[in-house]
Amino acid sequence: MRFMMLMIPKVYQGAAGGNVAPDFAPSADAVQKMTRFNERLAQAGALIALDGLHPPGEGVRVQFRGGKTEALDGPSTGSNGVLGGYWMIRAGSLQDAVEWARQCPAEDGDVIEIRQVFDDSDFPEDVRRAAESPAVKAALEGQARTAPV
């Protein structure tokens, strides 16, 4: 099974999260600790992908309402669910994914949300057919992907 572990760092949470400087970077010590965690994931064969995200003030949210869209700079005010990064992992169960998250060298106040990723087998046949797209499949196969689509 595939799981996405979503990092919600304390520094990005709440109203102050929108005020994080554009050049924000974690400390070298924090990155080194996280790199060791990422290496353990890789060595265990659990790591599929990972990335960190720029501060929320640098982002844009596209909101859909009443058939119209609106692009809003930064996160919504006071948001506690602003992502700082993610890992895509393989794990035998949700509990296994939780155990990986518990090993993360997160800072006090950080949150990791874990969500299972849908696989084709999770859907009925009509939904799988509706999702078929040769163009999407070709684009994904053209990337260096290690996860099934």
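The values are calculated or read from the model by the stated rules, or taken from the named source; none is laboratory data. Just so we're clear, the structure is a prediction, and the values are computed from it rather than from any experiment. Neighbour counts run over all protein chains shown; Cβ positions are idealised from the backbone, glycine included.
Evaluate the following for A101: is it outside any loop (DSSP other than H, G, I, E, B), within 14 Å of the chain's Cα centre (by Cα) and farther than 11 Å from M7 by Cα?
No, not satisfied.
Check V31, V62 and return the single one that is among the β-branched types (V, I, T) and closer than 29 Å to A131 by Cβ.
On the way: V31 fails: closer than 29 Å to A131 by Cβ.
Of V31, V62, the one residue that is among the β-branched types (V, I, T) and closer than 29 Å to A131 by Cβ is V62.
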Listed by first then second residue, the pairs whose first member lies in segment 118-129 and is within 22 Å of S93 (Cα to Cα), whose partner is of a type in the set (K, R), with beta carbons under 7 Å and at least 6 positions apart or on separate chains, are D120/R128
Subset of segment 25-39, residues loosely packed, with under 13 Cβ neighbours inside 10 Å and touching a residue at least 12 places away in the same chain (Cβ under 8 Å), comes to R36
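Looking at L50, L41, which is the one that is in a strand (DSSP E or B) and at pLDDT 95 or above? Don't jump to the end; show me each part of the working.
Details: L41 fails: in a strand (DSSP E or B).
Only one candidate qualifies: L50.
Could you grab me the full set of residues in segment 84-104 that are loosely packed, with under 14 Cβ neighbours inside 10 Å and either in contact with a Lys or Arg (Cβ under 8 Å, 6 or more places away or on another chain) or under 25 Å from G14 (Cα atoms) (or both)?
R102, Q103
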Within segment 1-24, the residues that are more than 16 Å from I112 (Cβ to Cβ) and either in contact (Cβ under 8 Å) with a residue 12 or more places away in the chain or not assigned by TED's automatic domain parsing to the domain that holds E107 (or both) are M1, G14, A15, G17, G18, N19, V20, A21, P22, F24
Do the conditions hold for P105, that is, is it at pLDDT below 95 and either touching a helix residue (DSSP H, G or I) at 6+ places or on another chain (Cβ under 7 Å) or over 26 Å from L140 (Cβ atoms) (or both)? no
